[in-house]
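These notes are about the structure you will find just below.
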Amino acid sequence: MSVATVSTAPIAGQKPGTSGLRKKTAVFRQPGYLENYVQAVIEGVGGVEGRTLVVGGDGRFFNDQAIAIILRMLAANGAERAIVGQNGMLSTPAASNLIRKRKAFGGLVLSASHNPGGEDGDFGLKFNIANGGPAPESTTDAIFARTTALTEYRILDENAPALGTLGESRLGGMIVEIVDPVADYVTLMQTLVDFDRISKLFASGFTLRFDAMHAVTGPYAKAILEGALGAPAGTVINATPLPDFGGHHPDPNPVHAAELFRLMFSAEAPDMGAASDGDGDRNIVLGRGISVSPSDSLAVLAANIHHTKGYAGGLKGIARSMPTSRAADRVAEKRGVELFETPTGWKFFGNLLDAGRVTICGEESAGTGSAHVREKDGLWAILLWLDIIAARGEPIAAILKEHWKTYGRDYYTRHDYEGIDIATGDRLMADLRTSLASLPGKTFAGLTVKAADDFAYQDPTDQSVTRQQGVRVLFANGARAVFRLSGTGTEGATLRVYLETFESDPSRHDHDPQEMLSDVIAAADAIAGIRERTGRTAPDVIT
Ligand code: G16
């Protein structure tokens, strides 16, 4: 075996965003690009000598080639063991679970999540720390610093083993252990939800359509839903992971999971519809004729979590990202538990989960999770819903409507303007920030601004402060508009506008969110000048 030390120079722009480094696949495939970043990760986390690391990804195009490079670099940098999902596949929550279960130093998770895959699609890489969660900002800052100073990287001059066969082999001085990506995850789920109860639900004729979107969750969903829980064959569709996700965006939103949404609002709708994303950490849940907004899903799961097997002890606290609706706050208040409002990015939940301060966390971007891993977990959330449906013996629509009756309804929508000019996006946000002090008291589209700020977060456990996490505008009637730029896109800038308003009157709970929010939408546009600045007349994606 020989280790090659390859001279290199820093590559601009290798700055991790909301969730690791995400770029066009073609960028990652440039000579030395991946190698530079991996070396920066290895050095930024303090080296891997003698350490065990988990490696796996969502199977998108370039996944296997990237893993081969990563393994050769881990071996060259002295790692002791790499635990790799068979064929290079690991869902993000399964990777998080493996890191924790095997007490690994951390893991390299290859995914661009809900972004499209393929040669012309997107690719991504993130480092997860020993708790199983995405590296905190202190670590990603250190990684980025290394990318700007790198002069060489180390790589083993030997081919990495094929990833198809379970078992151990050697790569230089490192053991490569190929594991079943699904088995440990299934075992974990059995401790959290009542498999017997859910099996009986399916046996009684309950119908589910789970769209795996040709992404990583297919094998997990097949094994659990159709295997262990006895749902009929065909319950899981698009179950075979494909390198380009069949040419689709593996994003379970109304635009990219349109077929599922159409089915659920048709006469043929099953009792439940569900989907997850490219790497299996996101989820969407629909009932017959109704879709559950991710913000509501967090609130309903929190309010009902005591019904489920793994959380029978009840609710300790809830965390949500700032742009997520305040539906969860109402549950926390009624239950007398703490509510934490964090910046966007799952990494901000890690400390709260480690400290045992929250039972459940969630985000408007279709993510929900708990302390069972340190990532959001799509299939887990769907199983939790199934366990609650089985325990309560009620359909999704009834559970949701009763929730609104008890807590009121937070009408919510997110409008995304994708691929706008970066300078235009930056200027829009900068001008909003400049105008903050002058907004209170002014009226836009009939709504008077009560308060406006730029969200900053102080982590209650380590006191670290994160600033400029989104502009919040609160109106006198309680409605809210939030503006921020996405940190996961790979082309231009994506402006996200999050809009919500509260309605306590149950006779007004059955309206279209877009209608109920029309004044907030108009006020947000008037405040930020979105149409005028971007030239767009409508958002690209509405969730
Ligand atoms: C990632 C993060 C989430 C975040 C989402 C969207 O999810 O883990 O916390 O909400 O991106 O972020 P942004 O609004 O900056 O694009 P995923 O599923 O893409 O890994």
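Worth pointing out:
- Looking only at residues in the range 422-453 that are in contact with a helix residue (DSSP H, G or I) (Cβ under 9 Å, 6 or more places away or on another chain) and open to solvent by 40 Å² or more (accessible area, probe 1.4 Å), the one that is nearest to Gly489 (Cα to Cα) is Arg427.
- Of the residues making up the range 100-119, those that are under 16 Å from Asp58 (Cα atoms) and buried (at least 22 other Cβ atoms within 10 Å of the Cβ) are Gly107, Leu108, Val109, Leu110, Ser111, Ala112, Ser113, His114, Asn115, Gly117.
- Asp141 outside any loop (DSSP other than H, G, I, E, B) and surrounded by fewer than 24 Cβ atoms within 10 Å (Cβ to Cβ): yes
- Answer from Met272, Met322 - the residue that is under 25 Å from Arg467 (Cα atoms) and open to solvent by less than 10 Å² (accessible area, probe 1.4 Å): Met322
- Inter-residue pairs, beta-carbon under 8 Å, first at positive phi and in the range 334-347, second in a strand (DSSP E or B) and within 16 Å of the ligand (Cβ to nearest atom), 6+ apart: Gly345/Pro134; Gly345/Ser321
- In the range 375-410, the residues that are out of contact with any strand residue (DSSP E or B) (no Cβ under 7 Å at 6 or more places or on another chain) and open to solvent by 20 Å² or more (accessible area, probe 1.4 Å): Ala390, Ala391, Arg392, Gly393, Glu394, Ala398, Lys401, Glu402, Lys405, Thr406, Tyr407
- Residue that is of a type in the set (Gly, Ala, Ser), within 29 Å of Ser113 (Cα to Cα) and more than 16 Å from the ligand (Cβ to nearest atom), where the choices are Ala524, Ala493: Ala524
- Options Ile155, Ile175: the member that is modelled with pLDDT of 95 or more, open to solvent by less than 20 Å² (accessible area, probe 1.4 Å) and outside any loop (DSSP other than H, G, I, E, B): Ile155
- Residue that is nearest to the ligand (Cβ to nearest atom), among those in the range 365-374 that are on the phi < 0 side of the Ramachandran plot and touching a strand residue (DSSP E or B) at 6+ places or on another chain (Cβ under 6 Å): Gly367
For every residue, the table says whether it meets (1) among the hydrophobic types (A, V, I, L, M, F, W, C); (2) open to solvent by less than 10 Å² (accessible area, probe 1.4 Å); (3) within 13 Å of the ligand (Cβ to nearest atom); (4) assigned by TED's automatic domain parsing to the domain that holds Glu418.
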{"residue": "Phe61", "(1), (2), (3), (4)": "yes, no, no, no"}
{"residue": "Gln65", "(1), (2), (3), (4)": "no, no, no, no"}
{"residue": "Leu74", "(1), (2), (3), (4)": "yes, yes, no, no"}
{"residue": "Ile83", "(1), (2), (3), (4)": "yes, yes, no, no"}
{"residue": "Gly121", "(1), (2), (3), (4)": "no, yes, no, no"}
{"residue": "Phe127", "(1), (2), (3), (4)": "yes, no, no, no"}
{"residue": "Pro134", "(1), (2), (3), (4)": "no, no, yes, no"}
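- Selection from the range 258-292 of residues that are away from the ligand (no atom under 14 Å from the Cβ) and in a loop (DSSP other than H, G, I, E, B): Phe265, Ser266, Ala267, Glu268, Ala269, Pro270, Asp271, Arg288, Gly289
- Residues that are over 18 Å from Asp64 (Cα atoms) and open to solvent by 40 Å² or more (accessible area, probe 1.4 Å) within the range 14-51 comprise Lys15, Glu43, Gly46, Glu49, Gly50, Arg51, listed in sequence order.
- Residue in the range 30-42 that is within 16 Å of the ligand (Cβ to nearest atom) and over 21 Å from Gly246 (Cβ atoms) present: no
- Residue among Thr368, Thr413 that is part of a strand (DSSP E or B), modelled with pLDDT of 95 or more and not assigned by TED's automatic domain parsing to the domain that holds His307: Thr413
- Checking Cys361 against (1) open to solvent by 10 Å² or more (accessible area, probe 1.4 Å); (2) not in a helix (DSSP H, G or I), the condition it does not meet: (1)
- Failed item in (1) open to solvent by less than 10 Å² (accessible area, probe 1.4 Å); (2) touching a Gly at 6+ places or on another chain (Cβ under 8 Å); (3) more than 16 Å from the ligand (Cβ to nearest atom); (4) acidic (Asp, Glu), with Glu338 passing the rest: (1)
- Residue that is without any contact (Cβ under 8 Å) to a residue 12 or more places away in the chain and open to solvent by 40 Å² or more (accessible area, probe 1.4 Å), where the choices are Arg197, Arg209, Arg170: Arg170
The values are calculated or read from the model by the stated rules, or taken from the named source; none is laboratory data. Just so it is clear, the model here is predicted, and its values are computed rather than measured. Every residue, glycine among them, receives a Cβ derived from its backbone with ideal geometry; neighbour counts consider all protein chains shown. Quick note on the areas: whole protein, heavy atoms, side chains included, nothing else; ligands and nucleic acids left out. Shrake-Rupley method; radii C 1.70, N 1.55, O 1.52, S 1.80 Å.
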